[in-house]
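In what follows, a single structure is set out as structure tokens and then discussed.
Every number here is computed from the coordinates shown, using simple stated rules; none is lab data. None of the values given here were measured: they were computed from a predicted structure. Don't worry about glycine lacking a Cβ; one is built from the backbone with ideal geometry, like all the others, and counts go over all protein chains shown.
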Amino acid sequence: MAEYHDTEWGVPSHDDSHLFEMLVLEGSQAGLSWQTILNKREGYRRAFANFDLATISAYGESDVERLVQDAGIVRHRGKIQATIGNAITALAVQAEFGSLDAYLWVLSGGEPVRNSPARMGDVPATTEVSSSMSKALKKRGFRFVGPTTVYAFMQSAGMVNDHVVTCFRYNEV
């Protein structure tokens, strides 16, 4: 957790593969702890071809059955199927907008938002922007992208900096 916080959380990302990875991981986290997901991150990378959209989009029912048995990931059939469907949708977004990055960052407002929370209790679970992004993603067919999940994604992708003001990363990010 500390390494993730100290090196990745809140750092603006413009890499389609990384953005998709974070969207999948945040969606997989629903109902679980972030620690659980970070512990399974390498399992997700292995199971989902390092988040290669073309490879994932070609997964079929036999792949779903294989992944439901994979202890390296969260073995939730709906979340696995959503990852495959989301890869297909992400490819369509890339075709339309040139990149997943271009689409997602437009939805987020285009620039990282720097909040100034005094303590983690001051950080919201959702915002108007995350609710709006959630609706836009759902309209395109993305799944497991509710407003809370999307806000966590925005934090992980650096679309928003919610490091508390006393954190050494607050000014670095």
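Overview of values
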{"quantity": "0 to 90° range, to nearest 10: angle between helix 77-97 axis and the chain longest Cα axis", "calculated": "70"}
{"quantity": "Per-peptide average of other Cβ atoms within 10 Å, ordering 163-172, 141-150 highest first", "calculated": "141-150, 163-172"}
{"quantity": "When segment 20-82 is reduced to its Cα atoms, the Kirkwood hydrodynamic radius in Å", "calculated": "11.6"}
{"quantity": "Segment 15-173: equivalent-ellipsoid semi-axes (sqrt of 5 x gyration tensor eigenvalues, Cα, Å)", "calculated": "27, 19, 13"}
{"quantity": "Pair-distance profile P(r), taking every C-alpha pair of segment 95-167, with 5 angstrom steps and integer %", "calculated": "3, 17, 26, 25, 15, 8, 4, 2, 0"}
{"quantity": "Segment 34-87 and segment 119-152: distance between their alpha carbon centers, rounded to Å", "calculated": "21"}
{"quantity": "Interchain or long-range residues, amide H under 5 Å from N161's placed H", "calculated": "V113, R114, N115"}
